[in-house]
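Asks: Could you have a look at this structure, given as structure tokens, before my questions?
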């Protein structure tokens, strides 16, 4: 039924129908992300979205369509962003819808730029398909770096958990993203049904080949390691709305001490507590560190703890020895904007606005950068990652030397229980494949996991469970091509493709309809 106002129909004019269709296709495209993992649905909906984008020749309308489509995608993939507002719903729940809209439309600005550029470059429909595919891949790459970056829910993440994920050892997450966009664009580039069917068959063959390659890599013999160290992962399940209550903080601390002291056939070589597991500052712990060391029975303990230097505070990982003395400290350096600090807060303090400055105690201060901690001849060298530092593949490559394994401590209680923790876990699995290193993930509320160098979950504790994992450290593999080169080859390829499309733009006659 048509809605009328002043005698003119307002019911979904063609422009509005296209925007709503774009938003819907974007939301459906998000179903390939964890925990659903519906990658075939993502490919089909993304293909339809690319066809819709290619039909729009006007730069402004195309950019607007890309913006709305991207907002649909990010709202669908990252709706868990409302969960932090629900920790204290009586105070912050009203902000949740605004937070979701701000995030979705903010992230979608990259799609806005890609769609506008594709319409400007592509003077013919088929050329717009290619231009949008290249521009969208470039925008996804930029999203991982611009303004400290946020490469969450990259289109290439749909392959996590499938054998195709093994290609990340060579091309990284952006290579998988190019693969995803390219597969979706192939049938759209055809000028006829016959060619469309042929290109679809080519796409199926590419997926089948990568699937077979990944399967062979997964079944390849593993390095044999004698006397691998035994790790104990502690998952206390301290729910976020209770975590910092004085009575509950003591209870959660005592729970972790009891888990640490639990007797097993073999004593662990290292005990690991999650992010911010200790409710006291490292400089003023009272007797807490001695209690933890005694419970560990002589084994070192790596634990998440906050520390202070004057009026600056740090989100840290400390390693304590058998006496409870901190022997190594790592400070998180890739902080969450507006969550752990306010961007430009220290700069504003120079002009007298100190309410957002980290140096005044408002939020955390970033640590000096990626680091490797030497835990001795048995445990080897480990690169620590605190919470969402595991989302950034470039941060792992920033370490001063190649570690023997990766350790992520995190508090996923902020992410809710629906999709956020599973997407966080999926990205940690991808980091293991990219680097060819095992990754040990210790999460406050879950999912804690032992992940081998091929991204397989060997042991895990489910979300919302209290428990421990005693497991041997899986072996490391060789330094992968991606570990050596990172995103540089993919970035160079995209730059050359984009430059070629721009340079040849004027040599292409526009469509008659354009």
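Asks: Tell me the volume per residue, in Å³, of the convex hull enclosing the alpha carbons of region 64-141.
Replies: 73
Asks: Please work out how much length the chain gains when fully extended from residue 503 to residue 102, using 0.36 nm per residue of separation minus the C-alpha to C-alpha distance, in nm with one decimal.
Replies: Using 0.36 nm per residue and subtracting the Cα-Cα distance, I get 140.8 nm.
Asks: Take every DSSP beta bridge with both residues inside the chain and express the antiparallel ones as a percent of the total, to the nearest 5.
Replies: Restricted to the chain, the bridges split so that about 65 percent are antiparallel.
Asks: Run the quick spin-label model on residue 374 and residue 239: label points 7 Å from Cα toward the beta carbon, then report their separation in nm to one decimal.
Replies: Result for the modelled spin labels: 4.5 nm.
Asks: Under 20 Å from the 7 Å Cα→Cβ point of residue 208, by amide nitrogen: which residues of region 18-49?
Replies: 39-41, 43-44
Asks: Moving on to the next point. How are the C-alpha pair distances of region 59-195 spread across 5 Å bins, as whole percents from the shortest bin up?
Replies: P(r) over region 59-195, rounded to whole percents: 2, 10, 15, 19, 18, 15, 10, 6, 3, 1, 1, 0.
Asks: Enumerate the residues in region 470-507 having an amide nitrogen under 18 Å from the point lying 7 Å beyond the Cα of residue 458 toward its Cβ.
Replies: The answer is 470-479, whose backbone nitrogens lie closer than 18 Å to the label point.
Asks: If you don't mind, there's one more thing I want to ask. Kindly express, to the nearest 10 degrees and within the range 0 to 90, the angle between helix 168-185's C-alpha long axis and the longest C-alpha principal axis of the chain.
Replies: The answer is roughly 30 degrees.
Asks: Antiparallel as a % of all DSSP beta bridges within region 368-449, to the nearest 5?
Replies: Given both bridge residues lie in region 368-449, the antiparallel proportion sits at roughly 25 percent.
Asks: Arrange the peptides 382-390, 438-446, 496-504 so that the one whose residues have, on average, the most other Cβ atoms within 10 Å appears first.
Replies: For the peptides 382-390, 438-446, 496-504, the packing ranking is 438-446, 382-390, 496-504.
Asks: Let me ask something else about it. For region 178-225, state what percent of all Cα-Cα pairs lands in each successive 5 Å bin, counting from 0 Å until the bin that includes the largest distance.
Replies: 5, 21, 19, 17, 12, 8, 8, 5, 3, 2, 1, 0
Asks: Please order 409, 204 by the number of other Cβ within 10 Å, starting at the fewest.
Replies: By the 10 Å Cβ count, ascending, the order reads 204, 409.
Asks: Order 110-123, 251-264, 295-308 from most to least packed using the mean count of other Cβ atoms within 10 Å.
Replies: Descending mean neighbour count gives 110-123, 295-308, 251-264.
Asks: Still on this structure, please answer the following. How many percent of all Cα-Cα pairs in region 6-105 sit more than 17 Å apart?
Replies: Above the 17 Å cut-off, region 6-105 has 59 percent of its Cα pairs.
Asks: Given points 7 Å out from each Cα along the Cα-Cβ axis, report the residue 88 to residue 201 separation in nanometres with one decimal.
Replies: For residue 88 paired with residue 201, the spin-label model returns 6.3 nm.
Asks: Where does each of 490, 160 land when they are ranked from fewest to most other beta-carbon atoms within 10 angstrom?
Replies: Going from sparsest to densest Cβ surroundings: 490, 160.
Asks: Can you grab the distance from the C-alpha centre of region 247-269 to the C-alpha centre of region 32-55, Å, no decimals?
Replies: 45
Asks: How far is helix 59-77 tilted, in degrees, relative to the longest principal axis of the Cα atoms in the chain, given as a value from 0 to 90 rounded to the nearest 10?
Replies: With both axes taken from Cα atoms, the answer is about 40 degrees.
Asks: Follow-up. Would you mind checking the tilt of helix 125-143 against the longest principal axis of the Cα atoms of the chain, expressed as 0 to 90 degrees and rounded to 10?
Replies: Between the helix axis and the principal axis of the chain, the angle is about 20 degrees.
Asks: Let me ask you something else. Using volume of the Cα convex hull per residue in Å³ as the read-out, say which of [x] 156; [y] 181; [z] 130 was calculated from these coordinates.
Replies: Entry [y].
None of the figures in this text is laboratory data; all of them are computed from the coordinates on show. Being a predicted model, the structure only gives us computed values, none of them experimental. We place every Cβ from the backbone using ideal geometry, glycine too, and count neighbours over all the protein chains shown.
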